[in-house]
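Here is the structure we will look at, set down as C-alpha cells.
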Amino acid sequence: MDFRKIDNVSVDCVIFGLASDSLNILLSKRTLNMFTDAYPVIDDWVVTGHHIFKSETLDECADRIFREISGFSEVYKKQFRAYGNPSRIQSDKDLFWVRSRGGNPRTMTVAYYFLLPMDKIKIKLETSRWFPIKSLPGLGFDHRQLIDDAYADLQQKIMTEPIIFDLLPDKFTLNELQVAFELVLDIKIDNRNFRKKALSKSYIVPLEEKRLGVSKKPAKLYMFSKDVYERLSGEGYIINI
C-alpha cells in the first residue's frame, strides 16, 4: 500500500454509540500549545478523521479510522455527505492546526457515520471519549455541522431502514427497542401502542430467552431477522411510531 497522504482530501467519521440513557458521539481530543503568544492555544475536540492514503478507497479509509479506535470494523457505516467549502477552515486555531501538520487549508472532507451499542467496543485510544449528543464540548473546524448533518440523516433513515438494530445488542427487549427510538428521535413514545406495533412485525422475532437482573420481572428477548426483513422490503416504516 502507498502510505503517502493526499493532503487536501480527508475522511471524517461521526461515531454514534447508544447507551441506556443517551445517544452519544465519540470525539477525539485536539491539543497544541507552543507556549508563546504568537500562536493560539488549541484545546478542544473533533470527530475522528484522517487524510486518505494515495492507494486507499474512501471506504477503506473510513474502516481504517474506525479500526484504529476500536480494533474492528464490522459495524454499520454510511457515507452521508462531502464538505468542500473553501472557507470551511478559516479560524486561527484551525489554520494553525492544519499548517502544523503539513496539511492543506483547502481540504475536502468525505464524511461517514457509524452506529453501534456503546458497550460493544472498548475504545483503544486514550484521546477519545464519548459525549452525549445533547452535551457536546467545544468543537474544532466545522465538526458541529458534520455532527448535525449526520444526526439529521440518522433520524430520517431510522424510520424507514432497519438501522435502529445496529444500535442495539443482538438480543434485545421491546423496552430497549423503544428507548432506542426515543433517544435517537428525541421524543416520548406511548409504551402500549409501541409494543403492539413492534409485535406485529414478523422481522422482530421472539426468543425463548429472558433478560435477567435488570428489573424485578425478567423481560422477554427478541432479535432482528434480516432475512425476513429483506423478503418484506418495501413494507414502509420499520415501526410506524
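Computed quantities for the displayed model
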item: Reported label for calculated Kirkwood radius over Cα pairs in Å given (i) 18.2; (ii) 20.4; (iii) 19.7; result: (iii)
item: Label-zone membership for the stretch 49-65, site D7, 7 angstrom Cα→C-beta point, backbone N under 19 Å; result: 50-56
item: Paramagnetic label zone (point 7 Å from Cα along Cα-to-C-beta, L136; backbone N under 15 Å) in the stretch 14-48; result: 14-17, 23-30, 44-48
item: Eligible lysines near K5 by straight Cα distance, threshold 30 Å, same-chain separation 8 or greater; result: K29, K54, K77, K78, K93, K122, K124
item: Relative contact order of the stretch 162-231, pairs being alpha-carbon contacts under 8 Å that are 6 or more residues apart, as %; result: 33
item: Sequence of I15, I65 once ranked by neighbouring C-beta atoms within 10 Å, starting from the fewest; result: I65, I15
item: Label zone at S100 (point 7 Å along Cα-to-Cβ), backbone N below 14 Å, the stretch 39-56; result: 39-46
item: Extension gain from K171 to E60, taking 0.36 nm per residue of separation minus the Cα-Cα distance; result: 37.0 nm
item: Percentage relative contact order, the chain, counting C-alpha pairs under 8 Å, at least six apart; result: 21
item: For peptides 116-127, 3-14, sequence by mean Cβ density within 10 Å, most packed first; result: 3-14, 116-127
item: MRE, 222 nm, helices only [DSSP H, n ≥ 4, -39500 (n - 2.57), over the chain, to nearest 500]; result: -8500 deg cm²/dmol
item: Top positive-direction residue, dipole computed over the chain with Cβ charges, set Q155, N193, I241; result: N193
item: Cβ crowding within 10 Å averaged over residues, with 135-146, 167-178 ranked highest first; result: 167-178, 135-146
item: Alpha carbon convex hull of the stretch 2-67, volume per residue in cubic angstrom; result: 123
item: 5 Å-binned pair-distance histogram of the stretch 162-231 (Cα, whole percent); result: 3, 16, 26, 28, 19, 7, 1, 0
item: Percent RCO, i.e. relative contact order, over the stretch 58-201, from Cα pairs under 8 Å lying at least 6 residues apart; result: 23
item: Among 100-107, 152-159, 40-47, 186-193, the order from most to least packed when residues are scored by Cβ within 10 Å on average; result: 40-47, 152-159, 100-107, 186-193
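Values in this text are rule-based calculations from the coordinates and carry no lab data. Keep in mind that what you see is a predicted model, and the values were worked out from it rather than measured. Glycine also receives a Cβ, built like all others from the backbone with ideal geometry; neighbour counts cover every protein chain displayed.
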